[in-house]
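The structure appears below as structure tokens.
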Amino acid sequence: KKRQADTAEKRRQSRPRQQTFAGSSRSWIPRSSASSTWSGSSGAPVAARLLGAVCFLLPLVAAIPYGVQLFAHSPLLREVLLKPLMPLIRVFHTSRFANLLSIVGIYGLVARNPSMHPFTRAVGFQASTLMMMQFPANFLLQFFAPTPGPIANLARGSIFVYFLYCVFLGVLGSLTGEPRSLPGIGSGAGGGPSYLRRGGGGGMSFRGGFRGGGGG
């Protein structure tokens, strides 16, 4: 009888462990399925992605003067890029303070706006930093001023291609819901917040203390 009692006691002690293991395995299965579901879909709502793509419009307009020679030799580039943006280009480049106001506007109204979606804020950091890349670019162009025309034009054209490539990556990342790391910029200005997708929790986080739900 004592041996049977000991056996029964051991069985009772082993049951909670089995239930705990079963519970942990059950909780692990949804996390795995949620991870696969999350990795195959974008966590940012459509409105946040579209607004993020719009943020890169101003860096593109600001960089248009760097591509003057490219536009002069490429009718296709004029028709596809220059002609549709011409009204905005005229308004933007008529003011000396348009560049500075654009940087402050994107940074303050988008990147640092807590009411914005975390995805849009992260993209806003990238766009505002890309706008500020004009300052080192203009500084470098001063060294090419005394050089022959073809070399100076090559330098300006290279800067325009860089801006165009960054805008392309930024818009593509915004529309797909997966922000891309821009060359020379990364995730944004000054180590600012960046949008992270997490497979385990079905949501996303925003470096800097913010957290958002998967559906926006």
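Listing for the model above:
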| read-out | value |
| --- | --- |
| Per residue value of the accessible surface for segment 72-127 (all protein chains in place, 1.4 Å probe), Å² | 59 Å² |
| Proximal charge balance of Ile106 [Cβ under 15 Å; K/R count +1, D/E count -1] | +2 |
| Fraction of accessible area attributable to carbon and sulfur, segment 67-107 (%, probe 1.4 Å) | 71 percent |
| Listed residues Leu60, Tyr107, Leu76: farthest to the positive end of the dipole of segment 46-123 (Cβ charges) | Tyr107 |
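The values are calculated or read from the model by the stated rules, or taken from the named source; none is laboratory data. These numbers were taken from a predicted model, which means no experiment stands behind them. All Cβ positions, glycine included, derive from the backbone under ideal geometry; neighbour counts span all protein chains shown. Side chains included, ligands, DNA and RNA excluded: accessible areas come from the protein's heavy atoms. Shrake-Rupley method; radii C 1.70, N 1.55, O 1.52, S 1.80 Å.
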